[in-house]
Amino acid sequence: MIGTILQTLSLVGVVFALYFASLQTRRLQKQVHIANLYSRYEAFHHANERYDAGLAMLFQRPDLRPYVLRRKPLDLAGEDLDRALIVADQMAGAVDHALRVGDRFPDDERGDWSLLAEEMARSPLFQAIVGEKPSDFPDLQRFFPHAHPPSSPVTQSDEE
């Protein structure tokens, strides 16, 4: 009789321990999810800051804006070309970083950066920087099947 009572109490103790462990596991899972989400958003924030830094460079040289934002054919040379490529490098690096984070840690609640990458792929300036340094943009490069290095300026007919 006492043995049966002890076995029953032991069983209740085991059930209680399992229940408590499952509660702790669910809480830990939620905490890990929140930490991962925070890290993902922090990475996107970093990408936004890098992209904004490119836009700030553009503010200093508004004459480069059509090359960056309006797909103007790349007819620059010398220092102007170098400056435009630096702006494009900064912005392409930000988009590449955001694509990497978004691909590896998907989240349905946030939009992805692929639309911006597709728009960049239509720009001769971004084609030039990705063509010059494809290994610097591994995640962005898939949007640029025909990237042109800056030594061979892109013409309007190349875009189509």
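The values are calculated or read from the model by the stated rules, or taken from the named source; none is laboratory data. Being a predicted model, the structure only gives us computed values, none of them experimental. Reconstructed Cβ throughout: ideal geometry from the backbone, glycine too, with neighbour counts over all protein chains shown. Surface areas here come from the heavy atoms of the whole protein model, side chains and all, with no ligands, DNA or RNA. Shrake-Rupley method; radii C 1.70, N 1.55, O 1.52, S 1.80 Å.
So, in segment 96-119, exactly how many residues are under 17 Å from Tyr41 (Cβ atoms), assigned to a helix (DSSP H, G or I) and among the hydrophobic types (A, V, I, L, M, F, W, C)?
Qualifying residue count, segment 96-119: 3.
Limited to segment 54-86, what total is found for residues that are part of a helix (DSSP H, G or I) and either acidic (Asp, Glu) or open to solvent by 60 Å² or more (accessible area, probe 1.4 Å) (or both)?
Summing the residues that are part of a helix (DSSP H, G or I) and either acidic (Asp, Glu) or open to solvent by 60 Å² or more (accessible area, probe 1.4 Å) (or both) in segment 54-86 gives 12.
Considering each of Phe143, Phe137 in turn, give the residue that is open to solvent by 10 Å² or more (accessible area, probe 1.4 Å) and modelled with pLDDT of 90 or more.
Phe143
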